[in-house]
Ligand SMILES: [Fe+2]
Ligand SMILES: [Fe+2]
């Protein structure tokens, strides 16, 4: 009886756009869904630093290097905001890290593709951060308070990421023939994985409906994907280049672009761990964590020593 | 599995003259590290001029289930608000 009351109260709140806060009653499944989504999101921010981190030492100028460091540092911060939001739901940081390292938790598949040229750093900013923003802006109104507040903070920082990426591509596209080719090659490789970032098509996205009801999600995968395609189809013209899709065509009736079929087999393949860099990414992350163990131990020992010292002095 | 460092809540004063406001949380071994990390994570774009950190376990919060008894009585005390009082037009600057 009490549970029924609670559930009713919870749904009323969600319907009236009142945020749910950590100590409020919430359905178990709501809590589980959020923990899964927020922790995966956090892992994506953290693993997402790796493909870009690869290029910090090879950025073509001091200015580009400073920008790239700032961006990668932002992503570390995003990971932290999100881990903190997930922790308010009752999971510990250590547990989440453990889930990532043991392969039980997923992160965005896009980071399992390699960054083989400098243009890839531009393409990531423009397309990958661009798709992330498209996904994240509606999450600023997510029904769970700590998640929505983390997303507001993240979105404020994201827009520079997308712009710096486009700026890299724009400068290259105005350069030599070889530079222009490098950009086109990069777009060719990143385009399809980027539009896969919105997740499976609506008809095969089982959790979406419940998440929409709970106002965790505001728009369907296909809606957001369509908006992204429409946006990029315009922007790519500024670069004087093309998206690698022969079926991409303005549809006067729909007032949207038609586009080609996504290769879902590839999507599932990468999600299931068989993308070009899955093993390397996870191995790098685990190594970084293990290599940092002595620093964490030393910091803990140092703090303990200082506590003991100030206790003696008191 | 690793053990986490203690959790800290971070409060930031965005400008001189304003209150500190909750910004988020982080793990750190002690207060000094918490402030240093808060500086790196929460004030990279001049979001603050002052930082407070409090170990989360020392924060006591009201219970959401008590919210009716805690806040409802205020509803029938409209006389606490200036708009409760109708004053004649001639009274200026009040
Ligand atoms: Fe991010
Ligand atoms: Fe980003």
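Of all residues in the range A:154-201, those that are surrounded by fewer than 19 Cβ atoms within 10 Å (Cβ to Cβ) and within 14 Å of chain B (Cβ to nearest Cβ) total 5. Of the residues examined, residue A:53 is one that is within 16 Å of ligand 2 (Cβ to nearest atom), at pLDDT below 95 and more than 22 Å from residue A:208 (Cα to Cα). Looking across the range B:53-67, the residues that are more than 11 Å from chain A (Cβ to nearest Cβ) and surrounded by fewer than 19 Cβ atoms within 10 Å (Cβ to Cβ) come down to B:54, B:55, B:57, B:58, B:59, B:60.
Rundown of residues vs (1) touching a strand residue (DSSP E or B) at 6+ places or on another chain (Cβ under 7 Å); (2) within 16 Å of ligand 2 (Cβ to nearest atom), yes/no style:
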{"residue": "A:144", "(1), (2)": "yes, no"}
{"residue": "A:153", "(1), (2)": "no, yes"}
{"residue": "A:160", "(1), (2)": "no, yes"}
{"residue": "A:178", "(1), (2)": "no, no"}
{"residue": "A:215", "(1), (2)": "no, no"}
{"residue": "A:222", "(1), (2)": "no, no"}
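Kindly evaluate residue A:309 against the criterion of being surrounded by fewer than 12 Cβ atoms within 10 Å (Cβ to Cβ) and either over 22 Å from residue A:106 (Cα atoms) or out of contact with any strand residue (DSSP E or B) (no Cβ under 8 Å at 6 or more places or on another chain) (or both). So residue A:309 fits the description; yes. Restricting the range A:55-81 to residues that are more than 13 Å from ligand 1 (Cβ to nearest atom) and closer than 11 Å to residue A:124 by Cβ, the residue that is farthest from the other protein chains (Cβ to nearest Cβ) is A:55.
When the range A:36-61 is filtered for residues that are in contact (Cβ under 8 Å) with a residue 40 or more places away in the chain and over 15 Å from the mean Cα position of the chain (by Cα), the ones remaining, listed by number, are A:54, A:55, A:58, A:59, A:60. The lone criterion from (1) buried (at least 17 other Cβ atoms within 10 Å of the Cβ); (2) under 21 Å from the mean Cα position of the chain (by Cα) left unmet by residue A:205 is number (1). On the stretch given as the range A:3-12, residues that are over 13 Å from residue A:213 (Cβ atoms) and touching a strand residue (DSSP E or B) at 6+ places or on another chain (Cβ under 9 Å) total 0. Under the condition of being part of a helix (DSSP H, G or I) and either at pLDDT 95 or above or within 25 Å of residue A:13 (Cα to Cα) (or both), the residues counted in the range B:58-84 number 14. Of all residues in the range A:231-264, those that are without any contact (Cβ under 8 Å) to a residue 24 or more places away in the chain and in a loop (DSSP other than H, G, I, E, B) total 9. Of all residues in the range A:17-48, those satisfying the criterion of being over 15 Å from residue A:100 (Cα atoms) and more than 14 Å from every other protein chain (Cβ to nearest Cβ) are A:17, A:27, A:28, A:29, A:30, A:31, A:32, A:33, A:34. In the range B:36-48, the count of residues that are touching a residue at least 24 places away in the same chain (Cβ under 8 Å), more than 12 Å from every other protein chain (Cβ to nearest Cβ) and surrounded by 19 or more Cβ atoms within 10 Å (Cβ to Cβ) is one or more.
Quick check on this structure: which one of A:113, A:147 is touching a residue at least 40 places away in the same chain (Cβ under 8 Å) and either within 30 Å of residue B:7 (Cα to Cα) or within 14 Å of another protein chain (Cβ to nearest Cβ) (or both)? Lay out the reasoning, then the answer.
On the way: A:113 fails: either within 30 Å of residue B:7 (Cα to Cα) or within 14 Å of another protein chain (Cβ to nearest Cβ) (or both).
Answer to the selection: A:147.
Of note, residue A:40 satisfies the criterion of being out of contact with any helix residue (DSSP H, G or I) (no Cβ under 7 Å at 6 or more places or on another chain), crowded, with 17+ Cβ neighbours inside 10 Å and closer than 30 Å to residue A:7 by Cα.
The values are calculated or read from the model by the stated rules, or taken from the named source; none is laboratory data. Source: prediction; values computed, not measured. Note that each Cβ is placed from the backbone with ideal geometry, even for glycine, and that neighbours are counted across all protein chains shown.
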